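K.L.:
For reference, the structure I am asking about is given below.
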Amino acid sequence: MVRVAVSRPARPEGVRVKICGLTRPEHVAWAAGAGTSYLGFVFFPKSSRNVTAETARGLALEAPAGIAKVALLVDADDAAIGAILERVPLDMLQLHGHETPERVAEVRARFGLPVMKAVGVAEAADLDALPDYEAVADQILLDAKAPKGAALPGGNGLAFDWRLIAGRVWSKPWMLAGGLRPDTVAEAIRLTGAHQVDVSSGVESAPGVKDEALIRAFIAAARG
């Protein structure tokens, strides 16, 4: 893998940003250089952002110290998770499928890494599951629920009604995702009070192809 030089500015206090779906060394360099707090690697074959463990290892090794490296997994079994962790130096597991609270607790205990559980939201009733997940996960990610029949559980460029979570009190750190873009992220933060945001398609020029200018614009808007 060709190494890409990374210059890392001091990360300002405030909103933490996760750039997800990184597939190339330059994506890591751009995200790190812009001051991201998390780098996300997708391990889901149906996604245009899917990477192999070998590719993810090279990308993770490009990351400067201090940035959390996150694996996005969808209903992965223990063997699949173990195979990834054997190759890739990771700091967190993001469970983005239909994992139950029991499964979240099991993964956390078995692999010894912090776990972020993604919960899809389309209406108020979808928030009912949150207390059970907050009890077992280290962090919660609120994403737009995928449309019925969608191939992907996330990364569809869709947003949910942010007013559904306005004023909510959380027992664990949480992250807002779903259709965020440079021109919408500031309003999303204002309405929800989010201290962490996640973006994938909103900083791409094409599916799976990150755009440096969009990454910089997104992080600047999130922290502005």
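The values are calculated or read from the model by the stated rules, or taken from the named source; none is laboratory data. On a predicted model such as this, the values are computed, not experimentally measured, just so you know. Cβ sites come from the backbone with ideal geometry, for glycine too, and all protein chains shown count toward neighbours. Accessible surface is based on the protein model in full, side chains and every heavy atom, while ligands, DNA and RNA are left aside. Shrake-Rupley method; radii C 1.70, N 1.55, O 1.52, S 1.80 Å.
K.L.:
Name the residues in the stretch 97-112 that are open to solvent by 20 Å² or more (accessible area, probe 1.4 Å) and within 29 Å of ALA32 (Cβ to Cβ), would you?
P.N.:
ARG108, PHE111, GLY112
K.L.:
If a residue must be under 16 Å from the mean Cα position of the chain (by Cα) and loosely packed, with under 14 Cβ neighbours inside 10 Å, how many such residues does the stretch 188-206 contain?
P.N.:
Final tally of qualifying residues: 0.
K.L.:
May I pose another question? Could you pull out every one of the strands (runs of 3 or more DSSP E) wholly within the stretch 153-224 that has 2 or more residues that are among the aliphatic types (A, V, I, L, M) and at pLDDT 95 or above?
P.N.:
Fully inside the stretch 153-224 and qualifying: 174-176, 196-199.
K.L.:
Which of the residues spanning the stretch 58-68 are surrounded by 14 or more Cβ atoms within 10 Å (Cβ to Cβ) and not β-branched (Val, Ile, Thr)?
P.N.:
GLY58, LEU59, ALA60, LEU61, GLU62, ALA63, ALA68
K.L.:
Restricting the search to the stretch 58-79, which residues are more than 25 Å from ILE140 (Cβ to Cβ) and in a loop (DSSP other than H, G, I, E, B)?
P.N.:
Residues satisfying the conditions are PRO64, ALA65.
K.L.:
Now, a different point. Cβ contacts < 8 Å: first residue more than 23 Å from VAL197 (Cβ to Cβ), restricted to the stretch 37-66; second residue aromatic (Phe, Trp, Tyr), any location; separation 6+ or different chain. Result?
P.N.:
ALA53/PHE43
K.L.:
Could you tell me which residue of the stretch 120-143 is farthest from PHE43 (Cα to Cα), considering only residues that are aliphatic (A, V, I, L, M), out of contact with any helix residue (DSSP H, G or I) (no Cβ under 6 Å at 6 or more places or on another chain) and open to solvent by 10 Å² or more (accessible area, probe 1.4 Å)?
P.N.:
Among those residues, the one meeting the criterion is ALA125.
K.L.:
Go through the stretch 207-221 residue by residue and tally those that are hydrophobic (A, V, I, L, M, F, W, C), closer than 24 Å to SER48 by Cβ and open to solvent by less than 60 Å² (accessible area, probe 1.4 Å).
P.N.:
6
K.L.:
Just a yes or no: is a residue in the stretch 145-152 open to solvent by 50 Å² or more (accessible area, probe 1.4 Å), farther than 20 Å from PRO207 by Cβ and modelled with pLDDT of 95 or more?
P.N.:
No - not one qualifying residue is present in the stretch 145-152.
K.L.:
Six or more apart or on different chains, Cβ atoms under 8 Å: show the pairs whose first residue is in the stretch 9-27 and at pLDDT 95 or above and part of a strand (DSSP E or B) and whose second is of a type in the set (Asp, Glu) and surrounded by 19 or more Cβ atoms within 10 Å (Cβ to Cβ).
P.N.:
Final answer for the pair search is VAL17/ASP198; LYS18/ASP198; CYS20/ASP198.
K.L.:
Answer yes or no as to whether ALA71 is among the small types (Gly, Ala, Ser), open to solvent by less than 20 Å² (accessible area, probe 1.4 Å) and in contact (Cβ under 8 Å) with a residue 24 or more places away in the chain.
P.N.:
Judged against the criteria, ALA71 is a match.
K.L.:
So which residues in the stretch 43-57 are part of a helix (DSSP H, G or I) and not β-branched (Val, Ile, Thr)?
P.N.:
Once the filter is applied, which keeps residues that are part of a helix (DSSP H, G or I) and not β-branched (Val, Ile, Thr), the stretch 43-57 yields ALA53, GLU54, ALA56, ARG57.
K.L.:
May I pose another question? Taking into account only those residues within the stretch 40-50 that are within 13 Å of THR23 (Cβ to Cβ) and out of contact with any helix residue (DSSP H, G or I) (no Cβ under 7 Å at 6 or more places or on another chain), which is surrounded by the fewest Cβ atoms within 10 Å (Cβ to Cβ)?
P.N.:
The selected residue is SER48.
K.L.:
Whether any residue in the stretch 114-125 is at pLDDT 95 or above and in a loop (DSSP other than H, G, I, E, B) is what I want to check.
P.N.:
yes
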